[in-house]
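Novice: This is the structure I have questions about; it appears just below.
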Amino acid sequence: MSKKIFIKTFGCQMNEYDSDQISNLLEKNENYQKTDDLDDADLVVLNTCSIREKAEDKVYGQLGRIRELKNKKPSLKIAVGGCVATQEGEKIFKRAPYVDIVFGPQTLHKVPSMLKTNLKDNKPQIDISFPAIEKFDNLPSLKTDKVISQVSVMEGCSKYCSFCVVPYTRGEEVSRPLDDILEEIILLSKQGVIEIHLLGQNVNAYRYKDIDDVEYDFADLVDFISKIDEIKRIHFTTSHPNEMNDNLINCFKNNKKLANFIHLPIQSGSDRILLAMKRNYLYLEYKNIIRKLRIANPEIKISSDFIVGFPGETDEDHKKTIKAIKELDLDYSYSFLYSPRPGTPAAFIKDETPLDVKKNRLNEIQELIAMQGKKHTEMMLNTHQRVLITNEIEHNIYKGKTDNNRVVEVSTEKPIKDKLINVHITDVSGKNLNGDFVNFES
Ligand code: SAH
Ligand code: F3S
């Protein structure tokens, strides 16, 4: 009988991707099967995130609960992976001695062998190193029955923004070989995948040199992928403003398979704060990128990330961020309260702004963002949108997502499940949009 694995994933899409890889690996190598029932598990994996808040405390809280299970079922194995694992390392065994395995985002391919060793000698196993990009060479090819697939193209980040833990927990930027990525996508397309989400902390920092020393950038990668006939739409996340070269901007004009959408984190509208965050661009430079993107593709929708209450942020800085959200005409964006992360330079800056002032600023920004998002939704009325239909919710009623992630319901007798179609949007008043089938996207 196969053993059962329960995985809980925190944080970003990279972590979700990694979790899929872990269960896939254990299924292939050790005959484990995924379960959604914690009580049923033989192995529990916490794939953690440390980007904000007291992530460590949350993980130890969870572990406390899983410990009770282990008391009842001593054969239960517990593994902690992801960014908190890298950050905490050996400390995890000290605070939670019942944990069996600690692994990092770059060593998840070693989980099966670590598990084997632990099952033999019952000794704690740890590997949180960054062995370049060896991880991808050790992963089995993904089996899927879905039409959308995520593909990681690069790992890590070398930007070292002053507030961010990612460079320390996931390591520096490393790109996967172009051929490997294309091979993986071709394999996925043969299984019916028609939409690809390219993942990375800074996807547009992607660089690859072939044996003849020819260098390819992210735009080249996107263009190669779009040559695969079966692939109909390409999304990517996340991008960095400083890596938005003209090649990539032109892709939004010339490459019809690229979604008319980009998530491009700006963090603040104030140059003073951007400098303290070490983002290495000015507001005007960011605005210029947006201008060029809109010239290249007038249809493009743009969303962003904001950090509110960075140490030293004044009311004036905050007003500049408010002005930026309006001026940049952003679609639904994300905003977060600044959270000091252990070991990052910003954690040492004196922070005198009271919490309630920060929370008021966050509320104001979130209200504005919601308003902007609603405005963009309303602008979609009576337009044609590309929608990838993924569900039939009732007989002949289907659901899917537009390029800018709006859910649309379409009622038709046509066989549109798992197809990319064009939809005429007829109603934007509800939670989901409604629309009529126009035609299949060729
Ligand atoms: N690579 C992306 C960011 C990835 S982290 C980039 O180009 O910026 C995702 C988001 O989390 C960031 O954009 C930022 O808005 C937020 N974030 C990161 N560290 C944070 C911190 N210490 N406090 C609050 N928000 C943070
Ligand atoms: Fe973090 Fe800045 Fe990189 S936000 S992921 S260090 S671009």
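Each reported figure results from applying straightforward, stated rules to the coordinates on display, with no laboratory input. Quick caveat: nothing in here was measured; it's all calculated off a predicted structure. Don't worry about glycine lacking a Cβ; one is built from the backbone with ideal geometry, like all the others, and counts go over all protein chains shown.
Novice: Where both residues lie in the stretch 1-130, what percent of DSSP beta bridges are antiparallel, nearest 5? Can you show the working numbers first?
Specialist: On the way: 0 of 19 bridges.
In the stretch 1-130, DSSP labels about 0 percent of beta bridges as antiparallel.
Novice: Still on this structure, I have one more. Mean-square fluctuation check for the chain, GNM, Cα pairs under 10 Å: which of Phe236, Phe103, Phe336 is largest?
Specialist: Answer for the Gaussian network model of the chain: Phe336.
Novice: Taking the Cβ-Cβ separation of Ser113 and Lys227 as r and a Förster radius of 41 Å, what is the calculated FRET efficiency to the nearest 0.05? Could the numbers behind the result be given before it?
Specialist: Numbers: r = 37 Å, r/R0 = 0.91.
Computed FRET efficiency for Ser113 and Lys227: 0.65.
Novice: Okay, next question. Have a look at Leu264, Leu293, Phe306 and report the one farthest towards the positive end of the charge dipole of the stretch 240-322, computed about the Cα centre with Cβ charges (Lys/Arg +1, Asp/Glu -1).
Specialist: Positive-most Cα among the choices belongs to Leu293.
Novice: While we're looking at this one, here's another question. If r is the Cβ-Cβ distance from Glu68 to Leu187 and R0 is 30 Å, what FRET efficiency results, to the nearest 0.05? Working shown, then result.
Specialist: Values: r = 42 Å, r/R0 = 1.39.
So, using R0 = 30 Å, E works out to roughly 0.10.
Novice: Could you work out [θ]222 nm for the chain from helices alone, using -39500 (n - 2.57) per DSSP H run of at least four and dividing by all its residues? Round to the nearest 500 deg cm²/dmol. Each step should come with its number before you reach the end.
Specialist: Values: 14 runs with 154 residues, N = 442.
After summing the helix terms and dividing by residue count, I get -10500 deg cm²/dmol.
Novice: Nothing charged except the Cβ atoms of Lys and Arg (+1) and of Asp and Glu (-1): what's the magnitude of the dipole of the stretch 157-255 about its Cα centre? Round to the nearest 20 debye.
Specialist: Details: 10 positive and 18 negative charges, 102 e Å.
Dipole size: approximately 500 debye.
Novice: Taking C-beta distances below 4.7 angstrom as the pairing criterion, name the unpartnered cysteines of the chain, in sequence order.
Specialist: By the Cβ distance rule, which asks for a partner under 4.7 Å, the isolated cysteines are Cys12, Cys49, Cys83, Cys157, Cys251.
Novice: Another question about this same structure. Apply the a/c threshold of 1.5 to the C-alpha gyration tensor of the stretch 12-81 and tell me whether it is rounded, prolate or oblate.
Specialist: Values: a/c = 2.60, a/b = 1.08, b/c = 2.41.
Oblate, since a/c reaches 1.5 and b/c is not below a/b.
Novice: Continuing with this model, one more query. Which Cα, out of Ala85, Ile101, Leu119, lies furthest along the positive dipole direction of the stretch 48-154 (beta carbon charges, K/R +1, D/E -1)?
Specialist: With unit charges placed on the Cβ atoms, the residue in question is Leu119.
Novice: What distance in nm separates the two pseudo spin-label positions at Arg272 and Val407, each 7 Å out from Cα along the beta-carbon direction?
Specialist: 4.3
Novice: Roughly how far apart, in whole Å, are the Cα centres of the stretch 329-351 and the stretch 100-150?
Specialist: 30
Novice: With Cβ to Cβ distances under 15 Å as the rule, what net charge do the other residues near Pro345 carry (K, R +1; D, E -1)? Write out the running numbers ahead of the final one.
Specialist: Details: positive: Lys159, Lys278, Arg279, Arg341, Lys350; negative: Asp351.
Surrounding charge for Pro345 is +4.
Novice: Another question, then. Rounded to the nearest 5, what % of DSSP beta bridges with both residues in the chain are antiparallel? Show your work: numbers first, answer last.
Specialist: Working: 27 of 68 bridges.
Once the DSSP bridges in the chain are tallied, antiparallel ones form about 40 percent.
Novice: Here is a follow-up. For the pair Asn31/Glu134, report the inter-label distance in nm, with labels modelled 7 Å from Cα in the Cβ direction.
Specialist: 2.8
Novice: Using +1 at the Cβ of each Lys and Arg and -1 at the Cβ of each Asp and Glu in the chain, identify which of Leu248, Val222, Pro354 lies farthest towards the dipole's positive end.
Specialist: Pro354
Novice: To continue, here is another question. Does the stretch 1-157 come out rounded, prolate or oblate, given a ≥ b ≥ c as the square roots of the eigenvalues of its C-alpha gyration tensor, rounded meaning a/c under 1.5 and, failing that, prolate meaning a/b above b/c?
Specialist: On the way: a/c = 1.44, a/b = 1.17, b/c = 1.24.
The shape class here is rounded.
Novice: Can you tell me how much longer the chain between Glu367 and Lys414 gets when fully stretched, taken as 0.36 nm per residue apart minus their C-alpha distance, in nm with one decimal?
Specialist: Details: separation 47, 0.36 × 47 = 16.92 nm, distance 3.94 nm.
Gain on stretching Glu367 to Lys414: 13.0 nm.
Novice: So for Leu275, Leu355, fewest C-beta neighbours within 10 Å to most, what's the order?
Specialist: On the way: Leu275 14, Leu355 10.
Exposure proxy ranking, most exposed first: Leu355, Leu275.
Novice: Another question about this same structure. For the stretch 65-82 and the stretch 354-395, write down the distance between their C-alpha centroids in whole Å.
Specialist: Taking the Cα centre of the stretch 354-395 as reference, the centre of the stretch 65-82 is 39 Å away.
Novice: Would you work out if the chain is rounded, prolate or oblate? Take a ≥ b ≥ c from the square roots of the eigenvalues of the alpha-carbon gyration tensor; rounded if a/c is under 1.5, else prolate when a/b is larger than b/c, oblate otherwise.
Specialist: Since a/c reaches 1.5 but b/c is at least a/b, the shape of the chain is classed as oblate.
Novice: With +1 on each Lys and Arg Cβ and -1 on each Asp and Glu Cβ, and nothing else charged, work out how big the dipole of the stretch 305-442 is about its Cα centre, in Debye to the nearest 20. Display every interim value, and only then the final one.
Specialist: Numbers: 19 positive and 23 negative charges, 32 e Å.
Roughly 160 debye for the stretch 305-442.
Novice: What GluC sites (Glu not before Pro) does the stretch 1-67 have in DSSP loop regions with at most 13 other beta carbons within 10 Å?
Specialist: Values: sites: Glu16, Glu27, Glu30, Glu53, Glu56; in loops: Glu53.
When the GluC sites (Glu not before Pro) of the stretch 1-67 are filtered for loop state and at most 13 Cβ neighbours within 10 Å, Glu53 remain.
Novice: So for Lys146, Lys159, fewest C-beta neighbours within 10 Å to most, what's the order?
Specialist: Working: Lys146 14, Lys159 19.
Exposure proxy ranking, most exposed first: Lys146, Lys159.
Novice: Counting other beta carbons within 10 Å of each Cβ, put Thr390, Thr86 in order, fewest first. Walk me through the numbers before you get to the answer.
Specialist: Values: Thr390 17, Thr86 24.
Fewest-to-most Cβ neighbours within 10 Å comes out as Thr390, Thr86.
Novice: Suppose each label sits 7 Å from its Cα in the direction of the beta carbon; what would the Glu16-Asn242 distance come out to in nanometres?
Specialist: Computed distance between label sites Glu16 and Asn242 equals 2.9 nm.
Novice: Could you give the length gained on full extension between Ala296 and Asp436, defined as 0.36 nm per residue of separation minus the Cα-Cα distance, in nm?
Specialist: Details: separation 140, 0.36 × 140 = 50.40 nm, distance 2.82 nm.
Length gained, Ala296 through Asp436: 47.6 nm.
Novice: If you place +1 on the Cβ of every Lys and Arg, -1 on the Cβ of every Asp and Glu, and leave all else neutral, what size is the dipole of the stretch 12-68 about its Cα centre, to the nearest 20 Debye? Please report the intermediate quantities before stating the final value.
Specialist: Details: 7 positive and 14 negative charges, 57 e Å.
Here the size comes out at about 280 debye.
Novice: Can I ask one more? Of the candidates Pro354, Pro265, Pro298, which one comes out as most mobile in a Gaussian network treatment of the chain with C-alpha springs shorter than 10 Å?
Specialist: Residue with maximal mean-square fluctuation among Pro354, Pro265, Pro298: Pro354.
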